[in-house]
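The values are calculated or read from the model by the stated rules, or taken from the named source; none is laboratory data. Owing to the predicted nature of the structure, the values given are computational and were not obtained by experimental measurement. Note that each Cβ is placed from the backbone with ideal geometry, even for glycine, and that neighbours are counted across all protein chains shown.
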Amino acid sequence: MMLRLAAKSLWHRRLTASLVVLSIALAVTLLMGVERIRGATRTSFAAAVSGTDLIVAARASPVHLLLFSVFGIGNPTNNLAAATHRDIAARPEVAWTIPIALGDSHKGYRVVGTSAAFFQHFRYGEARALAFQVGGAFAGDDPVILGAAAARALGYRVGDAVVLAHGAGDVSFALHDAHPFRVAGILQATGTPVDRALYVPLQGLAELHRPANDDEADPLAAAMHGHDAAAPEATLTAVFVGLRARNQALGVQRALNEWKGEALTAILPAVTLQELWEIIGVAENALLAVSALAVAVGLGSMLVALLTGANERRREMAILRSAGATPRDVFTLMMGEAGLLALVGVLLGATIVQATFIAGESWLASRYGLTTGGLVPSGRELVSLGLIVIAGILIGAVPAYRAYRQSLADGMTIRL
């Protein structure tokens, strides 16, 4: 009965109650939004590469190497000689290698030079293999394979011509329009950076940057790709390495980091990803702290509204007491109002977050490769929401205790 009375009392003061609910809902939206993005980012990053034991590139910091080779963030500082790749692949511990060459783009999407081994050995998520929507791996002359997001955004189909460009900008002025590629296949969506790239054969990439004569030599291409006109062979950006036995990873990593031919850096992807989380953990904690502060402000606004209302409702409380309500009933009424405000605010905020992420799920997946988990909130989110409701109920104890302490005569006295 007291809860029904609390609901009717809030409806009678619906304007003030709505403002309190809105402040709590916005705070919950911020908190859940930050938590959802944080979880989606970690999940998507962890699923980007699987089954690769080592990633090798020219000397660079481990985190930088992981970012440009797997996630397409940033640019490499130097290239890797094709001969070094052959030496690495010839080691007895190595089962397979995937060469990667970066430096070109197409309408803002990065172009990856690689071999057929990429489609055979690359894994993502829980050791899932790449699959094709249409076409196949490097079939025909000058083929290009499109990631799912790139194909959807660009509107290409099998057989369409694709002109590559130097650099990784959205607008390029050095186009390879004399040497177009043809779409040979489109990959199925993976929810990883694979979806937002184009893949061409290494040999085709080498031919693309070889000048027909010295007068046509492109210094930008030479600087970025290091091709020799006499021996067109693409230099590499990185090499993904799979070993015959995982317990050999540390030994092979040490050997590659001490490579005599050129300065190399070999990383264990999982270990380097943990280093990345340590670096961005400070920013994550700062965002969560700001979100928690916003929740505290929302609950504080509810406390102010309840205290102000309690002072204005002295006569209402006195009438309830005269009608037979006990001080405990008054206490329960005030606590019930606080609990209802917190609960409705939390539910409204959670609904806003769910609706926003459901509406923007495809955009987040295509633009940033983030999967938000749909309608299923995480256990951490549920705990946070429950704590906010409990905190709201506890905050309601302050005005409830003041109303509990008031005497019947207090509400009947006219204050000037």
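A compact table of results
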| read-out | value |
| --- | --- |
| Residue satisfying condition, being in contact with a Lys or Arg (Cβ under 8 Å, 6 or more places away or on another chain) and at positive phi, within set Gly51, Gly103, Gly39, Gly74 | Gly51 |
| Qualifying residue in the range 7-14 (condition: crowded, with 18+ Cβ neighbours inside 10 Å, of a type outside the set (Ser, Thr, Tyr) and over 30 Å from Phe331 (Cβ atoms)) | no |
| Yes/no for Ala400 being modelled with pLDDT of 80 or more and assigned by TED's automatic domain parsing to the domain that holds Ser301 | no |
| Whichever residue in the range 190-205 is in contact (Cβ under 8 Å) with a residue 40 or more places away in the chain and part of a helix (DSSP H, G or I) and, among such residues, is surrounded by the fewest Cβ atoms within 10 Å (Cβ to Cβ) | Gly204 |
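Conditions (1) in contact (Cβ under 8 Å) with a residue 24 or more places away in the chain; (2) crowded, with 16+ Cβ neighbours inside 10 Å; (3) not assigned by TED's automatic domain parsing to the domain that holds Thr77, marked per residue:
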site	(1), (2), (3)
Phe118	yes, yes, no
Ala131	yes, no, no
Asp141	yes, no, no
Ala149	yes, yes, no
Tyr156	yes, yes, no
Ala178	no, no, no
Phe181	yes, yes, no
